[in-house]
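Novice: Here you go, one structure.
Bear in mind these aren't lab numbers, they're just calculated from the coordinates by the rules spelled out. Nothing here was measured: the structure is a model prediction, and the numbers come from that model. Methodologically, a virtual Cβ is constructed for each residue, glycine included, from the backbone with ideal geometry; neighbour enumeration extends over all protein chains shown.
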Amino acid sequence: MLDGEICCMTATDLAQKIRARELSPTEVIEATLGRMERLEPSIHAFCTPTPDLALVEAKRIEQKIANGDEVGPLAGVPVGIKDLVCTAGIRTVSGSIAYENFMPDEDDVVVERLKVAGAIIIGKTNVPEFGYSGAGHNPVFETTRNPWNLERTSGGSSAGSAAAVAAGMGPLAIASDGGGSVRIPAAHCGIVGVKASMGRVPLYPGTKDERYPGVSSWESIEHIGPNARTVEDAALMLSVIGSGPDPRDRLSLPGPEFDWNTCFENTDLKGLRVAYSSDWGYAAVDPEVRRIVDAAAKVFESDLGCTVEEAHPGFEDPYAGFWGLVAAESDLAGMRQLTAKYGDRMTPHLVDFINNDWSAEDLTNAVVVRKAVNNKMWRFMQNYDLLLTPTLAVPPFGLHTQGPEKIDGRIGPPFAWLAFTFPFNMTGQPAATVPAGFTRDGLPVGLQIAGGHLDDPMVLRAAASFEAARPWADKWPPLDELLK
């Protein structure tokens, strides 16, 4: 089989062929590493590739299969790991000078579970500094670029994860999402990103090291999830990383009452009640994004038999409250030690955020805002099975900026383009992004699909149904020249 064919296969197909001995893990990893060698000089999805470790692991799994030993559901499948997620023995830089040489001594829970399932880590994927951004540049590594247009951002903070999957450098990658970062880059790169319900996927430890205090996960708003090319592949990864609780995460939920791998198979959505909010009633949205997502929402009515109506949950813009939650869940004292030592080599907006004069009222108001958003949302969802929105307010924009200052003629704060993602971190409900279409310039636009509290199967069903109605897996970025 040609290397290009292997790299364009889904994780599900790769896993099946490896178990059936139609492909060997070594063949798959060598093909993936060859594609990385050709594409990485232009895309920079991986900040720390691990080719030698990957080949050793491929040979180990290959021997297990030859011996007839039992292997996991992802045996031999290459996976990228976001560089905010700890990997024992593989450096975890988090895009910061402060952690440039940090080598964790333990794996994150999701990494442990992926290893047990037989997945092969091919490297750490690039992030903005400590994940405090929706774009993909940092002070340490080359800037990650969007495979659809190398002069545009891939989004963030899981910048490299989405870019790698979109470019065929592995069918799966771990992303994390404190305000949209599973979904943001997935939307910008034309792939699938799933933020499961809060607690479905345990989190531990986050980036930490006693030498450099201050960095940890945003416990009550952060999620870890898959970036993948298909809904089926995303569900396959969730079946591994979302398999039940872990005592290291006090917010983790009991094992799911459904099977991730089959819960999406019923694609009959006829009669479902679907709300579509094109702008929350207050957000500025790029006209081309609105046009594309409007058309995607209509598919749920015309093709899938749902009843779709424009409706908004009715909460006021929670932008300030969200950032108050981020501040409250950041170790400001520890991070200020970092800025005192490294501030002139850190990302300016991050330094400003850390050193902002946060008041007690700022932080308590953030909690009050979250309660208000959650109350509006659960009441709203009593009337609907699904809620659709644009994933992002703008298409992929230029490099080395935090976002457009003006959207549809309105000037706003730098992260206003994330208006649709972070409210679902505040509520904890499940939300996925799927490719909705492309701009006239050929840039991807995402449709966000959200479900009610803990209704992950509904989100996956809806995503799979839309995928069947408007397939995207055969659409690849224009990378032919780079692959020669």
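Novice: Under the rule of -39500 (n - 2.57) per DSSP H run of 4 or more residues, summed and divided by the residues of the chain, what mean residue ellipticity at 222 nm is obtained, to the nearest 500 deg cm²/dmol?
Specialist: -11000 deg cm²/dmol
Novice: Hey, another quick one. Under a point spin-label approximation (7 Å from Cα along Cα-to-Cβ), what is the R440-D362 distance to one decimal in nm?
Specialist: Each label point lies 7 Å from its Cα, and together they span 4.2 nm.
Novice: Roughly how many debye, to the nearest 20, is the charge dipole of the range 80-483 about its Cα centre, given +1 on each Lys and Arg Cβ, -1 on each Asp and Glu Cβ, and no other charges?
Specialist: 120 debye
Novice: Taking other Cβ within 10 Å of each residue's Cβ, how do R35, R336, R250 sort, fewest first?
Specialist: Values: R35 24, R336 16, R250 11.
Fewest-to-most ranking of R35, R336, R250: R250, R336, R35.
Novice: Mind giving me the nanometre distance, one decimal, between the label points for R250 and K406, set 7 Å out from Cα along Cα→Cβ?
Specialist: 4.9 nm
Novice: Looking at the range 280-341, which GluC sites (Glu not before Pro) are DSSP coil and have at most 14 other C-beta atoms within 10 Å of their C-beta?
Specialist: Answer in residue order: E316.
Novice: Then there is this: Assuming 0.36 nm per residue, please report the length gained on full extension of the stretch A295 to E265 beyond their Cα-Cα distance.
Specialist: 8.4 nm
Novice: When the chain is fully extended, how far beyond the present Cα-Cα distance does D52 get from D474, taking 0.36 nm per residue of separation?
Specialist: Gain on stretching D52 to D474: 148.9 nm.
Novice: If I stretch the segment between D352 and A333 completely, what's the gain in nm (0.36 nm per residue apart, minus their alpha carbon distance), one decimal?
Specialist: Using 0.36 nm per residue and subtracting the Cα-Cα distance, I get 5.5 nm.
Novice: Moving on to the next point. What pairs in K124/K475; K195/K341; K17/K298; K406/K475 have C-alpha atoms more than 28 Å from each other?
Specialist: Beyond 28 Å between Cα atoms: K195/K341; K17/K298; K406/K475.
Novice: Could you state the principal axis extents of the C-alpha atoms in the chain, from the largest down, to the nearest angstrom?
Specialist: 59, 58, 46
Novice: Right, here's the next one. Return the percentage of antiparallel bridges among DSSP beta bridges fully within the chain, rounded to the nearest 5 %.
Specialist: 65 percent
Novice: When only DSSP loop residues count, what trypsin sites (Lys or Arg not before Pro) in the range 371-460 have their Cβ near at most 14 other Cβ atoms within 10 Å?
Specialist: Answer by residue number: R440.
Novice: Continuing with the same structure: Which of the chymotrypsin sites (Phe, Trp or Tyr not before Pro) across the range 223-267 are loop residues per DSSP, with 16 or fewer other Cβ within 10 Å?
Specialist: Sites meeting the loop and neighbour criteria: F258.
Novice: Taking the Cα centre of the chain as the origin and placing charges on Cβ (Lys, Arg +1; Asp, Glu -1), which of V110, G34, G409 is farthest toward the positive end of the dipole?
Specialist: Checking the options against the dipole of the chain, the answer is G409.
Novice: Post the alpha-carbon centroid distance, the range 122-192 to the range 256-334, in whole angstrom.
Specialist: Cα centroid of the range 122-192 versus Cα centroid of the range 256-334: 21 Å apart.
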